[in-house]
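J.: Have a look at this one before I ask anything.
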Amino acid sequence: MSEILLDAVDLTKHYGSVEALRGASFQARAGEVTALIGDNGAGKSTLVKCLSGAEQPTSGRILLDGTEVHLDSPVAARRLGIETVYQDLAVAPDLDPAANLFLGREIPRKGLLGKLGMLDKAEMRRQAVTEFEKLGVTLQSTEVSIGSLSGGQRQSVAVARSVAWASKVVFMDEPTAALGVRQRGRVLDVIKKVRDKGIAVVLISHNMPEVLSVSDRIEVLLQGKRVARFAGADTKLEDLVAAMTGALVQEEAA
Amino acid sequence: MSEILLDAVDLTKHYGSVEALRGASFQARAGEVTALIGDNGAGKSTLVKCLSGAEQPTSGRILLDGTEVHLDSPVAARRLGIETVYQDLAVAPDLDPAANLFLGREIPRKGLLGKLGMLDKAEMRRQAVTEFEKLGVTLQSTEVSIGSLSGGQRQSVAVARSVAWASKVVFMDEPTAALGVRQRGRVLDVIKKVRDKGIAVVLISHNMPEVLSVSDRIEVLLQGKRVARFAGADTKLEDLVAAMTGALVQEEAA
Amino acid sequence: MSAPAKDIQTTVDGEFAKPPLGKRLVGANTFWIALVLIALIAVFTAIAPAEFATLFTFQTLLIETSVLLVLSVGMTFVIITSGIDLSVGSVLIFAGMVAGKTMEALSGGDASHAGWGVITAGLVAAVLAGAVWGLINGFLIAVAGIPPLIVTLGTMGAALGVSLLLNGGSDVRSVPTELNKVLGYGTSFGGIPNLVLVAVVITLIGAWLLHTTRFGRYTFAVGSNAEAARRSGIGVTAHLLKVYLLTGFLAGIAGFMSLAYYASTTISAHTTDNLNAISATVMGGTSLFGGVGSMLGTVIGVFIPAVLNKGFNITHVQDFWQMIAVGAVLIAAVWFDQRRRRKRNSR
Amino acid sequence: MSAPAKDIQTTVDGEFAKPPLGKRLVGANTFWIALVLIALIAVFTAIAPAEFATLFTFQTLLIETSVLLVLSVGMTFVIITSGIDLSVGSVLIFAGMVAGKTMEALSGGDASHAGWGVITAGLVAAVLAGAVWGLINGFLIAVAGIPPLIVTLGTMGAALGVSLLLNGGSDVRSVPTELNKVLGYGTSFGGIPNLVLVAVVITLIGAWLLHTTRFGRYTFAVGSNAEAARRSGIGVTAHLLKVYLLTGFLAGIAGFMSLAYYASTTISAHTTDNLNAISATVMGGTSLFGGVGSMLGTVIGVFIPAVLNKGFNITHVQDFWQMIAVGAVLIAAVWFDQRRRRKRNSR
Amino acid sequence: ACGSGQVGQSGSGDKPGGNSANSKKLALVPGVQAEPFYISMQCGAEAEAKKLGYELTTQAPQKFDAAMQTSIVNAMGSNPPAALLIAPTDDQAMLAPIEQVKNRGAKIVEVDTSLKDKSVAVSSVSSDNAEGGKLAAQTMAKLVGDKPGSVLILDTIAGTSTTAARAKGFEDELKNHPNLKSAGIQFTQNEPEQAASKVTAALVSTPDLVGIFATNLNTGEGAATGLRNAGKIGKVNLVGFDASPSEVDGLKKGEYQALIAQDPAQIGTKGVDQAVAALEGKPTERNLTAQLHSITKDDLDANSQYFYKQSC
Ligand SMILES: Nc1ncnc2c1ncn2[C@@H]1O[C@H](COP(=O)(O)OP(=O)(O)OP(=O)(O)O)[C@@H](O)[C@H]1O
Ligand SMILES: Nc1ncnc2c1ncn2[C@@H]1O[C@H](COP(=O)(O)OP(=O)(O)OP(=O)(O)O)[C@@H](O)[C@H]1O
Ligand SMILES: [Mg+2]
Ligand SMILES: [Mg+2]
């Protein structure tokens, strides 16, 4: 059993009168896939946003490698090696797929022009094609903006982006929801590969067979609180469903 | 075997140099669930948009009940009893869930004020709660705009909207992609109920077990063309996958 | 553990009812900016109680903002659809010019002594004139699909050009004295200026239309996501056409009001009416990206700069300093408002 | 049936290379609007060959648009981030005023005969003055989160107020003759006005910055989806700050150019510079909603109204008719452009 | 219940009528702020007021715009001065606001411009703008000599009464000089940029252009810029209106060939005299005209007293 890499303790998040998180805890370990499951509106995406710096929790503590961190922006999280596929994808719809893939990490040209900030667009395009191929994505044209791609194609771009850069933790908020059978298989393969590199992968999914097939651990969120944890191998589907609906409770409210 | 209600013949759709549909045909029957499956980017959503008036096909014919129709706007399609859950949901993010549910079909007040166009907001809100409950959706507050709901909650609103009004055909473009286990079950139940009312349901999904469990027929799209058709009962998962990847072809290109 | 689930379900149902008034008020988008307005009035009252806090000051303050208020009511609709209308000032002039020429023609040259029949004809002419430009704007934006900024920039110039042509580039000055006296400067109900009454009635109707009717609902929907509105079966083209028609119609009324107030078509003025109306609307919390806004906010947005100017004029703040101070207070007011509420998009 | 799949994969790979030039040209967002510009020039040349198609006309046309072009380069960046800057005209005046006062101070009151040292000091002063206002705008918009329209409306008034204060409300008139002669109406390379050279260099740098560098890429990303940009690790706040700083900086240069050109600070003018720059940008295909735009489009957008005005003036079209015609042609030009290409959002 | 009345009369608690605390206070509302013409007028008025033991405050609108001026005048209504000296920006639109102040006890003196309704003010002091235009045309004719040619007239914004009168006076007088023909009145929106553009266009489209009459400072500045651009300084006669410092400077440099100067300081002085006379119950004169002066480079120094000031 590997070390706990990311440890979130008692997070709460309020949006006006809405309480999205009510004291949620969560742990992810290096070299393991941790699934985070729960009903719609349970607070999974909110938790991910808090752990990747996109939102600030109202209260609670986040520990990375045992030391408390303050993720006050996605930049801070990225610097710590945390990458995220957001459920709403967070892409720039007017830019083309290659530009989105490299957003925030553009490849500069060689030499002086590069120092001046000029980009090597051809190289980025070339690398993008390779990355997309790995995930089984075919695009009829790469000149089009990402806003006009099909749902699955768009999701693949977001997935490709996160796995390309992660060094410690990858959050994937329903990365396969819009993917076809073939692409879904590829992404699950990629998840395993990333995990084998020693990175902690956090997978959110509503597809229980998928969750059971790929996760080492499963944590269940209900109404903004963690209510149960399972080890991946010895879990039954019924237990998961029971936990998600609140019929099975392991942890008491803090 | 029921009548062919909707018959699309040889549709093509070009976006600039991109050919999203290359002569796709499609049929849906009253009182049946027809699944439309295919790889990412196969053209499923484009086909649905063409059949629901959201986009105009570049060429091809659409027959409803045997007579050719021109769906030059979603209004036209709606008038013919065609409702759609779009993959990108097509909700107004700044309006609240109840307003979105009744968008385009607001309930007026009783009496003179109603004639003047005044809306019965309380009544719409009340009915909306009932509809959402049917789909197993819980919202912490209905005052918030739909843009701040969770992915699954937002999708449920779109689904609730389409099934509430359909009278002939319902297109559902990946209606369960973001739904939790419980909500997915509810939607599949609703689909069956709608079908039993004699409405033609067209379901797009990448979840093959779901497709197999609920569909009476399955049509497969590959690169903008229909390549195979199956009857729901006697289909094997492998055949579907083979058809989607082009390994199995029943129909020749027109 | 199923108890909390029940709990929530109950509160959910509970919250489908409206929250208490106090909470709704503080939560309202307009609460904080309204506070700013009240604070400004309080400050000026404290500085110059004898001059600022007088009936006369408020009468003139209200009168001076009446025309802008009517324009801003229309602008609010347009901006909520994520459009913009730069042409309101020119359409106002055009409507006033058409009304003036009509009244002159009906009285055989000099309309100064014309009666209410002629004045009514002038009103009809103004409203029609405004509506025609609204229709042109609406057609070019909704049907031809040209960006609103360009369309209304074009019609801004064109409407002014036509107005100038109509009277050879000079003002129509023979405006019925009766009109000026009654609508321009008359008061009712013990001191409320008639011009203000007209503006208030129009604003109330506008608020009702925006916030309680189907027309208003569609306005928000179109601005929030035009494609979604279209797919929901809303006739987006027809709706946009109506919204710009409404704005033109209101600019027509504003033109008539302006004619009554100034007793002149004031063709060389009104160059900043469009910007004033737009900024009043935005200050009131309406987003330039559409989908969000309120009529009450617009009213407050109209009055904040008006109160500032009035207060500075009364307290004899130096001209140049006034410009700086007004700019600073506007920014500060919106900043104060903004930090209290989170917005999807800031602009 | 797996053959077509291969086929597509091949074309896909193929299309990662660039399509042929001709196709790219016709597909380019600016192609059709450029056609409009060329058509306008052709029409005027046909109508008045002896007057319109002369070196002199083009020289003056270019000179007269130089200042606006520089402002529009900055505006393009701002609008692509989905912002807006109403303050450019006032910042221009402020920068010119600061430059003028600086040069006067360095020459002991009358700068008419000042040399290049003093002039350089003036340039530095102008640029710094512009940059300061840019920084203020940027800070209020990016850090304080106030809508750009309100911020720049406020600074528009404030910057003008400060400019008026600086010289008691009157123009600085002792501008170095040398500056006026060389930069204002001097020419180089056999007839190219120096003012135009400056504007061209700035535009080229702007185009390079926007379309090929990381700075430009971030500008598009922030405008397309600020939240996505933030989540992608782009420092959105810092970037917006830089963009408004750049715009202020360019307004500073424009102020200096204007000073050189008019040999006066022209404080009562430039009231429509902001609208002119905005409409040029939008006409060139930049969306007010951000994320989309091009520098070439802006250049064309600057020249279409300029050519129209020049042409109408030369062909003696009546003033009032001119306003109507310019409005109509602007709308028609964008309509022609628009119907050729589909846009995500029309505005 | 519906009592109708007029603003400032009915139900108003504060009584109209001169406030004794303000009996020595005069107010000046020029047409627009920051213009040397009005500043010079203010200087003259302030000096005269001081001499007569009165205090004069000035408030100017940001633009030559009736709406902006109205709000300034209305603001005076709550605490009216003993007398108001005003340059109405619109001869009709400003009537009601000015009448308000008058009804509240202030004496009204019109300076520079005037209302159409002659019954409001006790006196109007102005220079005749049409006369100025005429003088400009005569000056132009003198400058050009017998050479035949066209003359361009640059007006500001359509509907601006002062500059319109100058342009009209010029055009009318031009008919008396058969060798000169009008190339038309063009509007510049009071933007130098547009004036420059109109001038450079006219240079090509009207080859026989011999003169330009710019009706105010901004148009003159633009016209000079256009001529400079085209290298036509001195070859086309530029006659400007007013003698603002920058115009005087232009005249010295040879950009202008002549300026038509008003005497704003005198207008201010006389205006205050009239106001004070009215307040002290002395007879006033209904209409007073101030002198106009044509200044050319040759008699520049002799006329330096007419140069406008930018600060007192
Ligand atoms: N910005 C916001 N403003 C208001 N409420 C919000 C906001 N974001 C989330 N919520 C609410 O918080 C709760 C949790 O949302 P969250 O998106 O975390 O759910 P989730 O577990 O990801 O659900 P799903 O499986 O549907 O994606 C929901 O009730 C949602 O409506
Ligand atoms: N507006 C558009 N502009 C350009 N290309 C488009 C546009 N819409 C769709 N396409 C392209 O057409 C093809 C088919 O897209 P479509 O959305 O129909 O796929 P789909 O079968 O629904 O895929 P998915 O399963 O991922 O949703 C894709 O290659 C897509 O990139
Ligand atoms: Mg989620
Ligand atoms: Mg799809």
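The values are calculated or read from the model by the stated rules, or taken from the named source; none is laboratory data. If you're wondering where the values come from, they're calculated on a predicted model, not measured in any experiment. Positions of Cβ are backbone-derived with ideal geometry, glycine not excepted, and every protein chain shown enters the neighbour counts. Side chains included, ligands, DNA and RNA excluded: accessible areas come from the protein's heavy atoms. Shrake-Rupley method; radii C 1.70, N 1.55, O 1.52, S 1.80 Å.
J.: Could you pull out every one of the strands (runs of 3 or more DSSP E) wholly within region E:81-148 that has 1 or more residues that are small (Gly, Ala, Ser) and under 30 Å from E:LEU180 (Cα atoms)? Before you say what the answer is, go through the steps one by one.
T.: On the way: elements: E:83-86, E:107-111, E:123-126.
Output list reads E:123-126.
Residue-by-condition table, conditions (1) aromatic (Phe, Trp, Tyr); (2) facing chain C (nearest Cβ under 10 Å); (3) farther than 30 Å from C:TRP335 by Cβ:
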site	(1), (2), (3)
D:LEU106	no, no, yes
D:SER112	no, no, yes
D:VAL118	no, no, yes
D:ALA125	no, no, no
D:TRP133	yes, no, no
D:PRO147	no, yes, no
D:VAL151	no, yes, no
D:LEU160	no, yes, no
D:LEU164	no, yes, no
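J.: Right, here's the next one. Let me spell it out: the conditions are (1) within 24 Å of the chain's Cα centre (by Cα); (2) open to solvent by 10 Å² or more (accessible area, probe 1.4 Å); (3) not hydroxyl-bearing (Ser, Thr, Tyr), and C:VAL222 meets all of them except one. Which number is the exception?
T.: Going through the list (1) within 24 Å of the chain's Cα centre (by Cα); (2) open to solvent by 10 Å² or more (accessible area, probe 1.4 Å); (3) not hydroxyl-bearing (Ser, Thr, Tyr), C:VAL222 breaks only (2).
J.: Let me ask something additional. Would you point out which residue out of B:ALA92, B:ALA98 is part of a helix (DSSP H, G or I), closer than 20 Å to C:LEU210 by Cβ and out of contact with any Asp or Glu (no Cβ under 8 Å at 6 or more places or on another chain)? First the steps, then the outcome.
T.: On the way: B:ALA92 fails: part of a helix (DSSP H, G or I).
Answer to the check: B:ALA98.
J.: Report every pair of residues separated by at least 6 positions or lying on different chains whose Cβ atoms are under 6 Å apart, first residue within region A:36-54 and closer than 17 Å to A:LEU6 by Cβ, second near ligand 3 (Cβ under 10 Å from one of its atoms) and assigned to a helix (DSSP H, G or I).
T.: A:LEU36/A:LYS44
J.: Further, regarding this structure: If D:LEU275 passes every condition in (1) touching a residue at least 60 places away in the same chain (Cβ under 8 Å); (2) under 13 Å from the mean Cα position of the chain (by Cα) but one, which one does it miss?
T.: Condition not satisfied by D:LEU275: (1).
J.: Let me ask something else. Please work out if E:ALA290 is away from chain D (no Cβ under 14 Å) and buried (at least 24 other Cβ atoms within 10 Å of the Cβ).
T.: On the way: away from chain D (no Cβ under 14 Å): yes; buried (at least 24 other Cβ atoms within 10 Å of the Cβ): no.
No: the conditions fail for E:ALA290.
J.: Another question, then. Hey, D:ALA121 hits all of (1) open to solvent by less than 60 Å² (accessible area, probe 1.4 Å); (2) under 18 Å from D:ILE93 (Cβ atoms) but one; which does it fall short on?
T.: Tallying (1) open to solvent by less than 60 Å² (accessible area, probe 1.4 Å); (2) under 18 Å from D:ILE93 (Cβ atoms), D:ALA121 fails exactly one: (2).
J.: If I ask for residues that are touching a Phe, Trp or Tyr at 6+ places or on another chain (Cβ under 9 Å) and within 11 Å of ligand 1 (Cβ to nearest atom), which ones from region A:1-42 would you list?
T.: Scanning region A:1-42 gives a single hit, A:LEU36.
J.: Need pairs with beta-carbon distance below 6 Å; first residue in contact (Cβ under 8 Å) with a residue 60 or more places away in the chain and among the hydroxyl-bearing types (Ser, Thr, Tyr) and within region D:165-179, second open to solvent by less than 30 Å² (accessible area, probe 1.4 Å) and in a loop (DSSP other than H, G, I, E, B); sequence gap 6+ or separate chains.
T.: That search, which allows pairs on different chains as well, returns D:SER174/D:ALA111; D:SER174/D:SER112; D:THR177/D:SER112.
J.: Could you check, for region C:184-191, whether at least one of its residues is of a type outside the set (A, V, I, L, M, F, W, C) and either assigned to a helix (DSSP H, G or I) or farther than 29 Å from C:ILE63 by Cα (or both)?
T.: Initial filter on region C:184-191 (of a type outside the set (A, V, I, L, M, F, W, C)): C:184-188, C:190-191.
Those still in the list that are either assigned to a helix (DSSP H, G or I) or farther than 29 Å from C:ILE63 by Cα (or both) too: C:184.
Yes, region C:184-191 contains at least one residue that is of a type outside the set (A, V, I, L, M, F, W, C) and either assigned to a helix (DSSP H, G or I) or farther than 29 Å from C:ILE63 by Cα (or both).
J.: If you go through region A:222-237, how many residues are within 11 Å of another protein chain (Cβ to nearest Cβ) and closer than 15 Å to A:MET208 by Cβ? Reasoning before the result, please.
T.: Residues of region A:222-237 that are within 11 Å of another protein chain (Cβ to nearest Cβ), as a first pass: A:222-225, A:227-228, A:237.
Still in the list and also closer than 15 Å to A:MET208 by Cβ: A:228, A:237.
Residues meeting the conditions: 2.
J.: What are the residues in region E:91-125 that are open to solvent by 10 Å² or more (accessible area, probe 1.4 Å), farther than 22 Å from C:GLY311 by Cα and facing chain C (nearest Cβ under 10 Å), if any?
T.: E:ASP91, E:GLN92, E:LEU95, E:LYS116, E:ASP117
J.: Further question: Taking the residues in region B:23-57 that are touching a helix residue (DSSP H, G or I) at 6+ places or on another chain (Cβ under 9 Å) and among the polar types (S, T, N, Q) as candidates, determine which candidate is farthest from ligand 4 (Cβ to nearest atom).
T.: Residue satisfying both the conditions and the ranking: B:GLN56.
J.: Among the residues of region B:116-127, is any open to solvent by 10 Å² or more (accessible area, probe 1.4 Å), within 16 Å of ligand 4 (Cβ to nearest atom) and of a type in the set (A, V, I, L, M, F, W, C)? Walk me through how you get there before you give the answer.
T.: Restricting attention to region B:116-127, the residues satisfying the condition of being open to solvent by 10 Å² or more (accessible area, probe 1.4 Å) are B:116-118, B:120-123, B:125-127.
From what's left, within 16 Å of ligand 4 (Cβ to nearest atom): none.
The answer is no, given that none of the residues of region B:116-127 is open to solvent by 10 Å² or more (accessible area, probe 1.4 Å), within 16 Å of ligand 4 (Cβ to nearest atom) and of a type in the set (A, V, I, L, M, F, W, C).
J.: For region B:153-165, state whether one or more residues are surrounded by 24 or more Cβ atoms within 10 Å (Cβ to Cβ), within 16 Å of ligand 4 (Cβ to nearest atom) and in a loop (DSSP other than H, G, I, E, B).
T.: no
J.: Which residues, taken from region D:229-258, are open to solvent by less than 10 Å² (accessible area, probe 1.4 Å), touching a residue at least 24 places away in the same chain (Cβ under 8 Å) and among the β-branched types (Val, Ile, Thr)?
T.: D:VAL243, D:THR247
J.: Of everything in region A:43-54, what is more than 7 Å from ligand 1 (Cβ to nearest atom) and within 11 Å of the chain's Cα centre (by Cα)? Give them in sequence order. Reasoning before the result, please.
T.: Within region A:43-54, the first condition is being more than 7 Å from ligand 1 (Cβ to nearest atom), and the residues that meet it are A:48-54.
Within region A:43-54, A:VAL48, A:LYS49, A:LEU51, A:SER52 qualify.
J.: Test B:VAL9 against the criterion of being within 16 Å of ligand 4 (Cβ to nearest atom) and closer than 20 Å to B:VAL227 by Cβ, and give yes or no. Let's see the steps before the verdict.
T.: Working: within 16 Å of ligand 4 (Cβ to nearest atom): no; closer than 20 Å to B:VAL227 by Cβ: yes.
It is false that B:VAL9 is within 16 Å of ligand 4 (Cβ to nearest atom) and closer than 20 Å to B:VAL227 by Cβ.
J.: Then there is this: Is it the case that some residue within region A:60-71 is within 16 Å of ligand 3 (Cβ to nearest atom) and surrounded by 20 or more Cβ atoms within 10 Å (Cβ to Cβ)?
T.: Just the residues of region A:60-71 that are within 16 Å of ligand 3 (Cβ to nearest atom), to begin with: none.
The answer is no, given that none of the residues of region A:60-71 is within 16 Å of ligand 3 (Cβ to nearest atom) and surrounded by 20 or more Cβ atoms within 10 Å (Cβ to Cβ).
J.: A:ALA228 - would you say it is free of Cβ contacts under 8 Å to residues at least 60 places away in the same chain, more than 16 Å from ligand 2 (Cβ to nearest atom), within 25 Å of A:LYS13 (Cβ to Cβ) and open to solvent by less than 30 Å² (accessible area, probe 1.4 Å)? Give the steps one after another, and end with the answer.
T.: Values: free of Cβ contacts under 8 Å to residues at least 60 places away in the same chain: yes; more than 16 Å from ligand 2 (Cβ to nearest atom): yes; within 25 Å of A:LYS13 (Cβ to Cβ): yes; open to solvent by less than 30 Å² (accessible area, probe 1.4 Å): yes.
Against the criterion (free of Cβ contacts under 8 Å to residues at least 60 places away in the same chain, more than 16 Å from ligand 2 (Cβ to nearest atom), within 25 Å of A:LYS13 (Cβ to Cβ) and open to solvent by less than 30 Å² (accessible area, probe 1.4 Å)), A:ALA228 qualifies.
J.: What number of residues within region B:217-245 are more than 16 Å from ligand 4 (Cβ to nearest atom) and either touching a helix residue (DSSP H, G or I) at 6+ places or on another chain (Cβ under 8 Å) or of a type in the set (Asp, Glu) (or both)?
T.: 13
J.: Could you run through region D:85-118 and say how many residues are surrounded by fewer than 24 Cβ atoms within 10 Å (Cβ to Cβ) and hydrophobic (A, V, I, L, M, F, W, C)?
T.: Start the filter on region D:85-118 by keeping residues that are surrounded by fewer than 24 Cβ atoms within 10 Å (Cβ to Cβ), which leaves D:101-102, D:104-110, D:112-118.
If we keep only those that are hydrophobic (A, V, I, L, M, F, W, C) too, we end up with D:105-106, D:114, D:116, D:118.
Count: 5.
J.: D:THR219: within 18 Å of D:THR81 (Cβ to Cβ) and at pLDDT 95 or above, yes or no?
T.: Numbers: within 18 Å of D:THR81 (Cβ to Cβ): yes; at pLDDT 95 or above: yes.
So D:THR219 passes the test.
J.: Taking A:THR130 as meeting all but one of (1) assigned to a loop (DSSP other than H, G, I, E, B); (2) modelled with pLDDT under 90; (3) away from ligand 3 (no atom under 16 Å from the Cβ), write down the number of the exception.
T.: (1)
J.: Going through D:ILE141, D:ILE136, D:ILE119 one at a time, which residue ends up being under 18 Å from D:ALA263 (Cα atoms) and part of a helix (DSSP H, G or I)? Full working, then the answer.
T.: Values: D:ILE141 fails: under 18 Å from D:ALA263 (Cα atoms); D:ILE136 fails: under 18 Å from D:ALA263 (Cα atoms).
So the residue among D:ILE141, D:ILE136, D:ILE119 that is under 18 Å from D:ALA263 (Cα atoms) and part of a helix (DSSP H, G or I) is D:ILE119.
J.: Being crowded, with 20+ Cβ neighbours inside 10 Å and of a type outside the set (A, V, I, L, M) is the filter here; which residues of region C:196-213 pass it?
T.: C:THR203, C:GLY206, C:THR213
J.: I'd like the residue in region B:196-216 that is open to solvent by less than 50 Å² (accessible area, probe 1.4 Å) and over 19 Å from A:HIS206 (Cα atoms) and, out of all such residues, is nearest to ligand 4 (Cβ to nearest atom). Give the steps one after another, and end with the answer.
T.: First pass over region B:196-216, keeping only residues open to solvent by less than 50 Å² (accessible area, probe 1.4 Å): B:198-208, B:210-211, B:214-215.
Adding the requirement that they be over 19 Å from A:HIS206 (Cα atoms) leaves B:198-202, B:215.
On the way: B:GLY198: 27, B:ILE199: 22, B:ALA200: 19, B:VAL201: 17, B:VAL202: 13, B:SER215: 17 Å.
It comes out as B:VAL202.
For (1) basic (Lys, Arg); (2) away from ligand 1 (no atom under 16 Å from the Cβ), each residue gets a yes or a no:
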site: B:LEU63; (1), (2): no, yes
site: B:HIS70; (1), (2): no, yes
site: B:SER73; (1), (2): no, yes
site: B:ALA90; (1), (2): no, yes
site: B:PRO97; (1), (2): no, no
site: B:GLU106; (1), (2): no, yes
site: B:ARG126; (1), (2): yes, yes
